[in-house]
Amino acid sequence: MSLLVTGTIGIDTVETPTGKAQRMLGGSCAYFAAAASFHTPVRVVAAVGGDWPAEHRTMLSRFRNVDLEGLEVRPGSKTFAWSGRYFDNMNERETLFTHLGVVEEKPPRIPSKYADSQYIFLANTHPAVQMELLNHLPKRKLAVADTMDLWINISRPELLQLLRQVDGVVLNYSEAEQLTGVRNAVTACRKILDMGPQFAVNKKGEHGAILVHRDGVATMPAYPAELHQVVDPTGAGDSFAGGMMGHLANAPRFDLQSLQTALAWGTVTASFTIESFGLDRLAQISRADIDARMKLFQAAARVG
Ligand code: AMP
């Protein structure tokens, strides 16, 4: 049940058609950890710089199941910072800047008490950092990686090496196309399986997600959010992965059916993230809210 995540803890500035938020807590690791913490305890391995705002630690500490012992503060370094702007449809965005800061330095240290971690999520960060951490976790039962356009562009060889060593991969529709050259979500995932993993999840934002596993294919609709419920989609992908891995950390198997159920928990967990800027909405809810929404989702998505 020991779920470990590495990735970025970021300072995000985000513009959406509904407004703008400056220098808030973000990063792939922060969203993942907060989301997964509703399902299982999470160990964070990440680094921030001396400029990391104290209120960001306060926010992350509100998630009681998140263990921050592996969060390294490097006084002389700069925290990862990212800015993005969403287009009117909220499904697409452009990156305004990415300041890698600590992400370009040596990987964060893994506390010795985390060495027994069995469930590993390599959230978005440099593939060389993802790989280095994976190599230090010999007890792993399930390792899943995320990636993104920047890393496919600037470190494809390291990424391909990483894909040979993980069990699963989660990525966006456009990133799957960028990685494989194939537009069709299912066929793109099949090409990714040829690169090594047992399964690939292709996320299509408001159009749901597709899972391709060595044993078959599953499809998951998005949560049917109302217009007013979509405030800031940032972190939806990481929260989806958090809900998914949080569920899998307690599941007896990682077969197609367990993964399909995990995708539903990911979808429902992420549907809260987008209701506010940053982690505000996740910080307001409890597991009971997620369970209640899961019931609504099951009814809405029922087939037959
Ligand atoms: P998502 O909306 O799920 O794709 O995740 C957005 C989060 O990822 C933001 O909070 C950013 O700080 C973070 N992020 C953006 N670009 C990168 C990158 N190249 N590597 C790691 N994290 C990133």
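Please treat every number below as a calculation from the coordinates, not as lab data. Predicted, not measured: the structure shown is a model, and the values here were computed from it. All Cβ positions, glycine included, derive from the backbone under ideal geometry; neighbour counts span all protein chains shown.
Label-point separation (nm) for ARG156 and ARG302, each offset 7 Å from Cα along Cα-to-Cβ?
4.7 nm
With r as the distance between the Cβ atoms of ASN65 and SER258 and R0 = 25 Å, compute the FRET efficiency 1/(1 + (r/R0)^6) and round to 0.05.
Working from the Cβ atoms, E equals 0.75.
Compute the relative contact order of segment 23-122 as a whole-number percentage, counting only Cα pairs closer than 8 Å that sit 6 or more residues apart in sequence. Show your work: numbers first, answer last.
On the way: 144 pairs, mean separation 26.7, N = 100.
Here the relative contact order equals 27 percent.
What whole-number value in cubic angstrom gives the convex hull volume per residue for the C-alpha atoms of segment 109-250?
Working: hull volume 17.9 nm³, N = 142.
Cα-based convex hull of segment 109-250, divided per residue, equals 126 Å³.
With just the Cα atoms defining each centre, how far is segment 53-98 from segment 1-44? Give it in Å.
If we compute the Cα centre of each part, the gap is 6 Å.
For the residue pair ASP194 and ASP167, what label-to-label distance in nm results when each label sits 7 Å from Cα along the Cα-to-beta-carbon direction?
That separation, rounded to one decimal, is 2.5 nm.
With a 10 Å Cβ neighbour count serving as the proxy for reagent exposure, in which order, fewest first, do ILE120, ILE9, ILE274, ILE290 appear?
Numbers: ILE120 26, ILE9 30, ILE274 23, ILE290 20.
Starting with the residue having the fewest Cβ neighbours, the order is ILE290, ILE274, ILE120, ILE9.
Please list the radius of gyration and Dmax for segment 89-172, considering alpha-carbon atoms only, with Å as the unit.
13.9, 45
If I take R0 = 35 Å and measure r between the Cβ atoms of ALA225 and SER112 in this structure, what FRET efficiency does the formula 1/(1 + (r/R0)^6) give, to the nearest 0.05? All intermediate terms of the calculation are to be shown ahead of the outcome.
Numbers: r = 42 Å, r/R0 = 1.21.
Calculated transfer efficiency: 0.25.
With the Cα gyration tensor of segment 245-297 giving a ≥ b ≥ c as the square roots of its eigenvalues, does the rule (a/c under 1.5 for rounded; else a/b larger than b/c for prolate; else oblate) give rounded, prolate or oblate? Please report the intermediate quantities before stating the final value.
Working: a/c = 2.31, a/b = 2.04, b/c = 1.13.
Prolate.
Run through all the Cα pairs of the chain and give the fraction in each 20 Å bin from 0, expressed as whole percent.
Cα pair-distance distribution for the chain, in percent: 37, 60, 2.
Starting at the first residue of segment 222-235, write each ³J(HN,Hα) from the Karplus equation 6.51 cos²θ - 1.76 cosθ + 1.60 with θ = phi - 60°, in whole Hz, x for Gly and Pro.
Whole-Hz 3J(HN,Hα) from phi for segment 222-235: 7, 5, x, 6, 7, 3, 5, 7, 9, 9, 8, x, 4, x.
Can you tell me, using C-alpha contacts under 8 Å and at least 6 residues apart, the relative contact order of the chain as a whole percent? Could the numbers behind the result be given before it?
Details: 692 pairs, mean separation 54.7, N = 304.
Taking the mean separation of contacting Cα pairs over the length of the chain, I get 18 percent.
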